[in-house]
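A short write-up of the structure that comes next.
Since every read-out is calculated from the coordinates, none of them should be taken as a lab result. Since we're looking at a predicted model, the values are computed, not measured. Here the Cβ positions follow ideal geometry from the backbone for every residue, glycine too, while neighbour counts run over all protein chains shown.
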């Protein structure tokens, strides 16, 4: 497949990509990448729950 | 929360022909972004539509975001009348897509798919280059960060391979 032409908007976003995370992910198996996503989902759910609880208290 | 293993297993065990696309495909390729659903492009053949209907039927599929209590039935007739379905199930959220912008149908995407071995299953996933192309074609500002990350992944992967 031919490489896509560079897009200046995407290039601007690319400057903020944390490549250390990507390099770590590339060392992992596909299953480990999904396990990491599931852990991230759990953390996000917990933060949302805590946020809702905090809003109710104030 | 989405039970990715459960959803992929349900589809695979029913023999559904599908390709993982979207955020879950990005995860498979190494993206670190958070996604909450499984997006798949399914083959629109009569046999496969039957398999799609059977695969999800035991998992309480319902239209995501729709008010409760609508007379929604997940069966062959419903799938034949529609094309793209955004669903909740007891295994989590799943989008069944008959076509995607910039990518087309299952048959169009198949040459660009790779085989994933995950959760003791083998399933097809859209290749990284095509995933970037499809996300670019969608042209949604919310995808800019994801595209940047996917392009950075492609560069990192190429760098590793050239070492």
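Compared with the alpha-carbon gap, the fully stretched path from residue B:1 to residue B:34 is longer by 10.7 nm at 0.36 nm per residue.
With contacts taken as Cα pairs under 8 Å and at least 6 residues apart, region B:45-125 reaches a relative contact order of 21 percent. Stretched out straight at 0.36 nm per residue, the stretch from residue B:64 to residue B:45 would grow longer than its current Cα-Cα span by 4.4 nm. Using a Gaussian network model of chain B with C-alpha springs under 10 Å, which one of B:39, B:95, B:108 is most mobile by mean-square fluctuation? The residue that fluctuates most here is B:108. Please give the FRET efficiency for residue A:5 paired with residue A:50, using the beta carbon to beta carbon distance and R0 = 41 Å, rounded to the nearest 0.05. Efficiency computed from Cβ-Cβ geometry: 0.40.
Going by a ≥ b ≥ c, the root eigenvalues of the Cα gyration tensor, does region A:1-51 fall in the rounded group (a/c under 1.5), the prolate group (a/b larger than b/c) or the oblate group? Oblate is the answer for region A:1-51, as a/c is 1.5 or above yet b/c matches or exceeds a/b. Please report the spacing between the Cα centers of region A:5-20 and region B:90-163 in Å, no decimals. Spelled out, the Cα-based centre of one part sits 17 Å from the other. The overall shape of the protein assembly as shown is oblate: from the C-alpha gyration tensor, with semi-axes ordered a ≥ b ≥ c, the ratio a/c is 1.5 or greater and a/b is no larger than b/c. Judged by the gyration tensor of its Cα atoms, with axes a ≥ b ≥ c, region B:29-111 is oblate; a/c meets the 1.5 cut and b/c is at least as large as a/b. Our helix-only sum for chain A, with -39,500 (n - 2.57) per DSSP H run of n ≥ 4 divided by its residues, gives a mean residue ellipticity at 222 nm of -24500 deg cm²/dmol. When the helices of chain B are scored as -39500 (n - 2.57) per DSSP H run of n ≥ 4 and the total is divided over every residue, the value at 222 nm lands at -12500 deg cm²/dmol. Hey, what angle do you get for helix B:46-56 against the long axis of chain B, alpha-carbon based, 0 to 90 degrees rounded to 10? The helix B:46-56 is inclined about 90 degrees to chain B. Taking Cα atoms only, the orientation of helix B:128-138 departs from the longest principal axis of chain B by about 70 degrees. To the nearest 10 degrees, how steeply does helix B:144-162 sit against the main Cα axis of chain B, on a 0 to 90 scale? Tilt relative to chain B: about 50 degrees.
Would you mind pulling out the separation of the Cα centroids of region B:31-89 and region A:40-58, in Å? Here the two parts' Cα centres lie 29 Å apart. Roughly what percent of Cα-Cα pairs across region B:4-157 reach past 25 Å? It works out to 27 percent of all Cα pairs.
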